[in-house]
Amino acid sequence: MTPADPAATFTVDLDALGVVGSGLHRPECVLCTARGDVYVADSRGGVTRIAPDGNQHFFGVTDDGGRAEPIKPNGIALRRDGSFLLADLSDTGGVWHLTRTGVLRPLVREADGVVLPSTNFVLVDRRDRLWITVSTTKRPRHLDYRLDCATGFVVLVDDRGARIVAGGIGYTNECAMDARGEWLYVNETFGRRLSRFPVRADGSLGAREVVATFGRGTFPDGVTLDEAGGAWITSVVSNRVLRVTPDGATHVILEDADPEHLDAVERAFLRNEMARPHLDAIRSRRLRNLSSLAFGGPDLRTAYLGCLLGDSLATFRTPVAGLPPSHWHLTT
């Protein structure tokens, strides 16, 4: 008999959310470690660490390699030496390397001869390979806030260098690797689906499989996997946390949205009129454009929520543990 899924019907009361951190700057992406540190992207051009005792420290730029303006970190990753990788959402784009002493240098600026535009996310897998997502090649980016968007792509960086391994994606957002390294899961925000690609021995990707499609009000941004095979999805605009089971069933765990505002955004999206103000003019009680979820705590059963427009992280306890990320046992 297959064991019951402990999170199959799990929901969270909005009023029961905890709070971690304060005065954060666009904490779009969240990472947790076993020692209890929480790291968040910081729009000032770096990363903020929230220590277990609540103290905060900003890792920022002291030497920007000649850049006139700081980068705009979106997705972030931790390397084994404790340094950071930052996906640059500014027009400069690419992935940048930031040391804990504040030295910033470009790491990946192109793949297969293609200069990386505004770059969304970077993942370090258990083999130290980098998976980078670019949402769209259109400028301005809101031109791809539509259901038929398909200019997004995925870049792999390994000992062979950087190369594009998947394309034609409907606004590529966060990605996640399964426990055995056999599948790369990818959110397609305005394609409104969670997809996955088989990972071949050489790192190339096989044909896309659609795991789940989403309807009204769901624009999948962050994706995080749990030990039971579920995928936890965060949706911008509707401030939803959803969980997709291994067989593709989906249920809403949490939502914080104004129905009238959500209706207005949905109408604009279906008319191909959605633009940046629809993302920024959020009406909600607690969450401010929910973008990511990371499992943390000593048992990997505390969910930390990042928000594009937030200045703190909401938290809640979960009935299932998350998969430990590649940086989980970082001791720096």
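Every number in this text was worked out from the coordinates using simple rules, so none of it is lab data. In this text, all values refer to a predicted model and were calculated from it rather than measured experimentally. Neighbour counts are summed over all protein chains in view; Cβ atoms, including those assigned to glycine, are modelled from backbone coordinates with ideal geometry.
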Seminar exercise, completed: For residue 112 and residue 329, extending 7 Å from Cα along the Cα-Cβ vector and measuring point to point gives, in nm, a value of 3.6
Problem set entry | Virtual spin-label span in nm between residue 148 and residue 127, 7 Å along Cα→Cβ | 3.8
Exercise. Working out 0.36 nm times the residue gap between residue 19 and residue 276, then minus their Cα-Cα distance, what length gain in nm do you get to one decimal?
Worked result: 89.8 nm
Exercise. How big is the gap, in Å, between the Cα center of segment 1-50 and the Cα center of segment 253-293?
Worked result: 20
Seminar exercise, completed: Once amide hydrogens are built 1.01 Å from N within the peptide plane, the residues lying 5 or more places from residue 178 or on another chain with amide H under 5 Å from its amide H are 183, 185
Exercise. What's the extension gain from residue 138 to residue 159 if we count 0.36 nm per residue and subtract their Cα-Cα distance?
Worked result: 4.6 nm
Problem set entry | Span from the segment 190-214 Cα centroid across to the segment 135-182 one, whole angstrom | 10
Seminar exercise, completed: Length gained if residue 207 through residue 44 is fully extended, taking 0.36 nm per residue and subtracting the Cα-Cα distance, is 54.9 nm
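Please give the direction-averaged projected area of the C-alpha convex hull for the chain, in square nanometres with one decimal. Walk me through the numbers on the way to the answer.
On the way: hull surface 64.4 nm².
Mean projected area of the Cα convex hull: 16.1 nm².
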Seminar exercise, completed: With label points set 7 Å from each Cα along the Cα-to-Cβ direction at residue 53 and residue 81, the distance between them in nm comes to 2.8
Problem set entry | Under 9 Å, Cβ to Cβ, from residue 15 - net charge with Lys/Arg +1 and Asp/Glu -1 | +1
For this session: Give, to the nearest whole percent, the P(r) tail of segment 1-143 beyond 21 angstrom, counting all Cα pairs.
Result: 50
